[in-house]
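First up is the structure itself, then whatever we jot down about it.
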Amino acid sequence: MNIAPPQPQHGTLTHAEVVSIILGVILAMFLAALDQTIVATALPTIGHALGDVVHLPWVVTAYLLAATAVTPLYGKFSDVYGRRITLLVGIGIFIVGSVLCALAPTMLTLIVGRFIQGLGGGGLIALAQTIIGDITSPKERARYQSFIASVFLSASVLGPLLGGFFADKLHWSLIFWINLPLGLLAFLMTYRQLRKLPRHERKHRIDVLGGIILLAATVSLMLLLNWGGINYPWLSIEIIGLAVVSVLAWIGFVARLHAAPEPFLPLSLLKNQVVRTGNISTGFSMGAFIGLSIYLPIYLQTVYRFSAGASGVALIPLMAGTVCGAFISGILMPRVRHYKRLPVVGLSISTIGLIILAIHPEPLPLLALEAIFIVVSMSLGTSLPVTTISIQNAVPLHQLGMTMALMNFARQLGGAVAVAIFGAIVLGLLSHSGEGLSHENLSAAFSASTVDFAPTFRWVFIAAAIWFGIALCALIRMEERPLRSTIGEAPPAAME
């Protein structure tokens with residue numbers, strides 16, 4: 001990996017130390033990203049081995065629930081107590097959860113282990129981005145976004161392959177045991193070097209009540225989005241109850257933000273124009289992409305009649321395109337004045353690509369379909385470094401942890417909402433209510449159906465295009481501020 005040496009203002013950090021820190025935190029990020037993709041293909045084997053298929057969806061839900069809920073907490077704690085201790089605690093909790101999962105004798109134990117894993121893994125991605133922000137200036141930082149995108153591409157490709165191989169050829173517990181050497185390596189690579197990180201934390205008081213309300217609001221919303229239309233009908237008493245609890249909790253959290261002497265989420269972040277519009281853009285664009293990554297395999301298997309393996313191969317260009325787009329945008333961003341122009345064009349092209357699929361959801365020639373996948377994902381990829389670096393560039397360093405946690409929270413929440421909406425569209429057009437189905441067995445259920453799903457997925461593509469359009473509008477509104485060339489400068493004002 002060819003990483004340029006840091007600027008002189010890093011002081012105590014040498015080029016080798018910066019490289020070691022970046023490699024360590026990227027490995028920690030890979031640890032969390034891999035765990036989100038490696039489990040799905042092994043779920044049938046796990047359910048058969050533990051003799052419990054009914055509660056199998058909770059193996060995925062428990063992790064996502066915990067990881068999304070604690071992401072803002074990690075950001076706040078890192079700003080208050082420092083990045084090093086927060087990251088190491090996250091890795092440690094993740095390893096403990098992995099061991100519990102690997103040794104689980106029952107489905108309940110496995111679900112508890114997955115929840116603990118989520119408590120640890122929820123902050124790893126945001127913390128890795130924060131630490132890279134601590135040791136590089138915004139101009140330097142853009143070039144690292146391609147490495148970050150490569151982490152998610154590798155996890156997307158390797159996860160399903162490793163999960164299937166371990167479950168079929170060896171033993172399903174290896175999908176959790178593999179986290180031990182990876183986690184310990186990440187821990188050792190960062191344990192000593194992170195002592196030399198520049199410290200930006202200030203004296204704070206943790207708003208415990210605000211944090212509890214935020215957890216309640218997030219958990220109830222995530223349960224609503226994961227259960228609605230899948231485990232329970234949308235108008236069931238369970239879903240309506242969760243909706244009421246979530247709305248009341250979010251209202252309470254907003255009230256607490258204005259009442260607390262030092263609110264859990266600084267109001268200055270919410271009032272920051274770049275942070276606000278940048279999070280809207282990345283939440284909607286990545287949310288739509290996450291939703292498509294869940295439902296495109298079903299589209300390929302029901303409309304194109306691909307096998308599960310063939311659909312996975314067909315989606316590789318979709319995953320690889322984001323890395324290529326992020327790499328191009330990351331290289332160009334520090335070299336041009338108006339760095340928003342490329343992603344604005346990119347998101348426009350992505351929206352057009354989805355509109356084309358909506359107009360013609362029936363099977364296209366494979367080459368044409370793959371070309372659309374590449375164009376849509378590569379164009380989307382151009383926006384990832386721009387929104388991330390722009391948000392980091394607009395806040396002081398002592399708020400960087402909370403800022404990155406907020407951005408990743410927006411992406412995860414956007415993905416959960418998109419999956420729920422796309423699922424409601426597809427399930428709503430079935431002849432049954434969909435009760436008892438899960439996102440993990442939808443493909444098998446749909447493949448056994450004789451219904452023509454092409455018209456159904458037209459509406460999925462329309463919904464995704466609308467989400468990309470909202471992301472584009474937010475990106476256009478986001479202020480384009482000069483990138484700082486040093487670490488310690490105050491956030492710049494908007495360009496004239």
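Since every read-out is calculated from the coordinates, none of them should be taken as a lab result. What you see is a predicted model; the values in this text were computed from it and never measured. Here the Cβ positions follow ideal geometry from the backbone for every residue, glycine too, while neighbour counts run over all protein chains shown.
If the viscosity is 1.567 mPa s and the temperature 4 °C, what Stokes-Einstein diffusion coefficient in µm²/s follows for the chain when Rh is the Kirkwood radius over Cα pairs? Write out the running numbers ahead of the final one.
On the way: Rh = 23.0 Å.
Result for D is 56 µm²/s.
Suppose R0 equals 25 Å. What FRET efficiency, 1/(1 + (r/R0)^6) with r the Cβ-Cβ distance, do H48 and W177 give to the nearest 0.05? Plugging the Cβ-Cβ distance into 1/(1 + (r/R0)^6) gives 0.85.
Given a cut-off of under 8 Å on Cα pairs at least six residues apart, what relative contact order in percent is computed for the stretch 51-146? Could you put the intermediate results ahead of the total?
Details: 109 pairs, mean separation 35.4, N = 96.
It rounds to 37 percent for the stretch 51-146.
Taking the Cβ-Cβ separation of A371 and L158 as r and a Förster radius of 25 Å, what is the calculated FRET efficiency to the nearest 0.05?
Numbers: r = 25 Å, r/R0 = 0.99.
Efficiency, from the Cβ-Cβ distance: 0.50.
Just the number, please: Stokes-Einstein D of the stretch 15-201 in µm²/s, Kirkwood Rh from C-alpha pairs, 25 °C, 0.890 mPa s. In µm²/s, the coefficient rounds to 147.
For R305 and T109, the difference between the fully extended length at 0.36 nm per residue and the C-alpha to C-alpha distance is 66.9 nm. Taking the centroid of alpha carbons for each part, the stretch 62-93 and the stretch 304-334 are 29 Å apart. The angle separating the long axis of helix 83-102 from the principal Cα axis of greatest extent in the chain is about 20 degrees. Taking Cα atoms only, the orientation of helix 124-135 departs from the longest principal axis of the chain by about 20 degrees. A full extension of the chain between I206 and L185 corresponds to an added length of 4.4 nm, given 0.36 nm per residue minus the alpha carbon distance. Give, as ranges by residue number, the residues of the stretch 250-271 whose backbone N falls under 13 Å from the point 7 Å along Cα→Cβ of E479. Only 269-271 pass the distance filter.
The alpha carbon centroids of the stretch 233-282 and the stretch 375-409 are separated by 20 Å.
With the highest mean first, a sort of the peptides 121-131, 148-158 on other beta-carbon atoms found within 10 angstrom per residue produces 121-131, 148-158.
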